[in-house]
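The structure appears right after this line, and notes come after that.
The values are calculated or read from the model by the stated rules, or taken from the named source; none is laboratory data. None of the values given here were measured: they were computed from a predicted structure. Reconstructed Cβ throughout: ideal geometry from the backbone, glycine too, with neighbour counts over all protein chains shown. Remember, those area values only see protein heavy atoms, side chains included, never the ligands or the DNA or RNA. Shrake-Rupley method; radii C 1.70, N 1.55, O 1.52, S 1.80 Å.
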Amino acid sequence: MTRLVEKWSGAWQIAAVYVGTVVGAGFATGKEIVEFFTQYGEFGTVGIVVSGGLFTWMGTRMMMMARRIGAVSYKELNDYVFGRAMSPLMTILMTLMVIGVTSVMVAGAGAVFEEQLGLPKQVGMFVTLLLSFIVMLYDIKGLFSVNVFIVPMMVLFSFVVLGKMLLSEKWCGTGTVMPDYSLKAFLSPFSYAAFNLAMAQTVLVPLSQEAADEQTVKRGATLGGILLTMILLSSHFVLLSFPHLLRYDIPMAEVIHTFFSLLYWLYIVVIYGEIFTSIIGGIFGLQRQFRSMFRVSNVLFLFVLFLIFYVISSFQYSFLLSLLYPLFGYMSFLMMILLVFRKLPK
């Protein structure tokens, strides 16, 4: 009985880190969900199911592959997936991607402080980096502790909002957005899953070696994929009930502020928590990658890395988002295709 509890406890930790890494600024604000799914109406609902299936299957496949080849960093998985000739280029691009996206998240955390608390953006960025530094001093224990605390809060909040919407007369079903069956709508779930799997790779690869056994890895990745699908569906259905959702940069905040004003400050905490878990996930992946390549003091590495984050995140949040995300999306597609066709080692 004790051993069973330990196995499921390990699986839950993996699932929490998986969810916490994928959700971030765009997910929390609802903008990402609207762009990839909700604007397509009923076809967007199908897209979420497809994307959720990819998260579950591909996330499990990625972690199993990493565990069986003994990969402790994403470079070692890249060696296997892309081949040794192409791996150095992809590892450099992936490192730049993680640094860029994590910097975007830091900028997003600064924006929460500026827009919701009335404090300077730089104060929010500094507080976020300071908290991240403290968490990362505890390495994987810090990563697990933050995600195991924040992720249940995300899941609970998402279902409370959906439940309140269903029980009230504010529920409008799928009638507010017309279905869209275009090629863009068809490709959307694949591009969404590809990009987020590429980001999660930096955390899931080293995490696969920390699990007690393969069964724990499978359970954790599967549970993480299912939870992501459930949160996506919940937010999608809530957003479908809100008219003119394409007009807003932070549509979920408008929903909460309009229909559930009592939950607004709790929502701000959830937004910040979702951004924070993505930030520490990115830092953990970079930390493990550089630790496998160089012998350097952990404190010095974190200080230099955070200085880079601070400089990059000082640029306009929306500018960074539009510049970096499309580039990383194309690279992520290639990685997902190769993951499908690359043989899973015995």
Among the candidates PHE190, PHE242, PHE276, PHE195, residue that is surrounded by fewer than 22 Cβ atoms within 10 Å (Cβ to Cβ) and of a type in the set (Phe, Trp, Tyr): PHE190
Close pairs (8 angstrom Cβ cut-off, 6 or more residues apart or separate chains): touching a residue at least 24 places away in the same chain (Cβ under 8 Å) in the range 198-219, open to solvent by 10 Å² or more (accessible area, probe 1.4 Å) and part of a loop (DSSP other than H, G, I, E, B) anywhere: VAL205/VAL72; PRO206/VAL72; GLN209/GLY70; GLN209/VAL72; VAL217/ALA211
Verdict on ARG247 being modelled with pLDDT under 85 and basic (Lys, Arg): yes
Cross-chain or 6+ apart pairs with Cβ under 6 Å, the range 239-257 first and farther than 17 Å from SER158 by Cβ and of a type outside the set (Asp, Glu), then at pLDDT below 75 and open to solvent by 70 Å² or more (accessible area, probe 1.4 Å): none
Qualifying residue in the range 68-78 (condition: acidic (Asp, Glu), more than 22 Å from the chain's Cα centre (by Cα) and open to solvent by 20 Å² or more (accessible area, probe 1.4 Å)): no
Test: residue in the range 56-65 that is out of contact with any strand residue (DSSP E or B) (no Cβ under 7 Å at 6 or more places or on another chain), open to solvent by 20 Å² or more (accessible area, probe 1.4 Å) and under 19 Å from ARG288 (Cβ atoms): no
Answer residue from the range 290-346, given it is farther than 30 Å from VAL123 by Cβ, open to solvent by less than 50 Å² (accessible area, probe 1.4 Å) and not aliphatic (A, V, I, L, M) and is modelled with the lowest pLDDT among those: GLY329
